[in-house]
Amino acid sequence: MFMLGYIWTYIYTSVLRYWLKWFIRQATGTCELQRICSGYKPGAVRTTKAEYSLRSSKNKVLRGALETNKDNLEQCVAQIMKEKNVKPQKDPLFKESLHICLLQITGNSSLYISVEDLRKEVFNSENQGHEAMLLKLWDLLMPSVKLDSRITKQWGDIGFQGDDPKTDFRGMGMLGLINLVFFSENYTEEARQVLSHANHPKLGYSYAIVGINLTEMAYSLLKSGALKPHFYNTVLGTPDLRHFHQLYCYLAYEFDKFWLAEEPESIMEFNQYREKFHDVVKTHLQDPDVTLTLTVCSKN
């Protein structure tokens with residue numbers, strides 16, 4: 001059955017799809033991209049179909065649109081309209097609709113590059129900006145408690161493993177710290193609530209370490225392309241780092257609710273429940289109307 005499916009897919013994409021598109025164009029007078037842009041509302045379904053159409057095209061101009069940078073998108077749209085003989089007076093909405101799709105598609109690739117750069121940025125104790133951000137995290141979460149010193153066991157109170165948190169950022173670099181600070185700064189009440197749950201005597205977990213782990217989850221989902229439907233539905237344009245940080249906030253808040261509802265026997269079962277939560281998120285992302293958005297009000 002697998003081999004038959006593979007053969008059918010190959011025949012369809014290599015031969016049948018081209019002739020089917022040609023036939024429909026002759027019948028309707030519109031190209032596939034026009035039909036997609038006019039037939040679907042803005043969001044994941046429309047942009048995903050447009051992306052597939054561009055990627056599957058035999059036309060170099062259309063395939064190249066997926067690699068175009070933001071500054072050249074208008075010119076790219078004009079070239080596509082010329083290649084497909086789309087007349088603005090006959091389809092006045094097509095230009096803007098395709099432009100939005102391309103902003104989302106190329107923006108997702110740009111976002112991954114930005115996220116990867118932060119992940120590769122190593123926390124440096126000699127960098128005043130890095131140090132200030134770490135201390136800001138403490139002040140946001142523990143406003144009534146002062147640190148005895150920069151290196152202290154107190155860091156364990158917000159879920160770091162040792163006396164110096166810098167060692168915990170090795171896997172996710174500055175991306176892990178920035179996400180923790182973003183959540184604490186923009187959803188302060190919720191972050192403190194999650195921290196209080198993390199310090200529960202029976203159901204507790206390491207707040208900061210789990211947060212960094214959830215950053216890795218968000219990063220992996222972005223890298224695999226699984227987050228595209230979410231961003232295509234929630235950002236009518238180019239997604240940026242703030243949108244990624246917002247997604248992390250959703251994961252941090254929802255994981256806390258999930259953990260408490262599941263009532264694990266101990267923190268030793270974290271990996272098991274982490275994967276279970278991961279599966280829940282991936283299932284949500286299969287919904288074409290998915291929006292992984294924290295519903296409480298942020299400060300901004």
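Overview of results
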| read-out | value |
| --- | --- |
| Compactness of the stretch 226-300, expressed as Rg and Dmax over alpha-carbon positions, Å | 13.8, 44 |
| The stretch 31-110: Cα Rg divided by the 2.2 N^0.38 Å rule of thumb | 0.96 |
| Within the stretch 147-253, trypsin sites (Lys or Arg not before Pro) in DSSP loop having at most 15 other beta-carbon neighbours inside 10 Å | ARG150, ARG170, LYS202 |
| Using a Förster distance of 30 Å, the FRET efficiency for GLN75-ARG35 (Cβ separation, nearest 0.05) | 0.80 |
| Of (i) 123; (ii) 164; (iii) 341, the label for volume of the Cα convex hull per residue in Å³ derived from the coordinates | (ii) |
| LYS153-THR295 FRET efficiency (beta carbon distance; Förster radius 45 Å; 0.05 resolution) | 0.80 |
| The chain, helix-only ellipticity at 222 nm - DSSP H runs n ≥ 4, -39,500 (n - 2.57), divided by all residues, nearest 500 | -20000 deg cm²/dmol |
| Inter-part distance where the stretch 59-137 and the stretch 257-300 are each reduced to a Cα centre, Å | 28 |
| Footprinting exposure proxy for MET217, MET133, MET172, MET268 (fewest neighbouring C-beta atoms within 10 Å first) | MET268, MET133, MET217, MET172 |
| Approximate spin-label separation ASN59-SER144, in nm, with each point projected 7 Å along Cα-to-Cβ | 6.5 |
| Three-way shape label, the stretch 121-285, alpha-carbon gyration tensor, a/c 1.5 | oblate |
| Extension gain (nm, one decimal) between ARG242 and ARG192, 0.36 nm per residue minus Cα-Cα | 15.9 nm |
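Bear in mind these aren't lab numbers, they're just calculated from the coordinates by the rules spelled out. Remember, predicted model here, so these are calculated numbers, not experimental data. Methodologically, a virtual Cβ is constructed for each residue, glycine included, from the backbone with ideal geometry; neighbour enumeration extends over all protein chains shown.
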